[in-house]
Amino acid sequence: MTVAGGHEVLRVIADRVRRGGRPGERQDGLRVALAIEGGGMRGTVSAGMALALHETGVAHAFDAVYGASDHPSVRRQPDPGRTGSTVRAPRT
């Protein structure tokens, strides 16, 4: 992976991809999180970006992934692993 501009976070991500470590196994002492926003078209773009990170093998370089959406449909979505459960976004 080529790191343009030498940004420290990009360097850490590239190093993690090269080494192949997974969250909980790393010894670098760092925590790198991916924040994804959504809502309407922004959610579609963010989903495409997240898929690209997964398909290129970069997703495992992050220790945590956080998401937010301003779209009302996110306030109640079924959990595919459990019947009848919901995810509720905090009201602002």
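Per-structure values
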item: First in region 44-69 and under 17 Å from ARG11 (Cβ atoms), second anywhere and open to solvent by 50 Å² or more (accessible area, probe 1.4 Å) and not in a helix (DSSP H, G or I), Cβ under 6 Å, 6 or more apart; result: HIS60/ARG22; ASP63/PRO23; ASP63/ARG31
item: Single condition ASP15 does not satisfy, out of (1) at pLDDT 85 or above; (2) open to solvent by 90 Å² or more (accessible area, probe 1.4 Å); result: (2)
item: Tally, over region 38-57, of residues that are at pLDDT below 85, open to solvent by 40 Å² or more (accessible area, probe 1.4 Å), not in a loop (DSSP other than H, G, I, E, B) and not basic (Lys, Arg); result: 2
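The values are calculated or read from the model by the stated rules, or taken from the named source; none is laboratory data. Since we're looking at a predicted model, the values are computed, not measured. Don't worry about glycine lacking a Cβ; one is built from the backbone with ideal geometry, like all the others, and counts go over all protein chains shown. All accessible areas refer to the heavy atoms of the entire protein, side chains included, with ligands and DNA or RNA removed. Shrake-Rupley method; radii C 1.70, N 1.55, O 1.52, S 1.80 Å.
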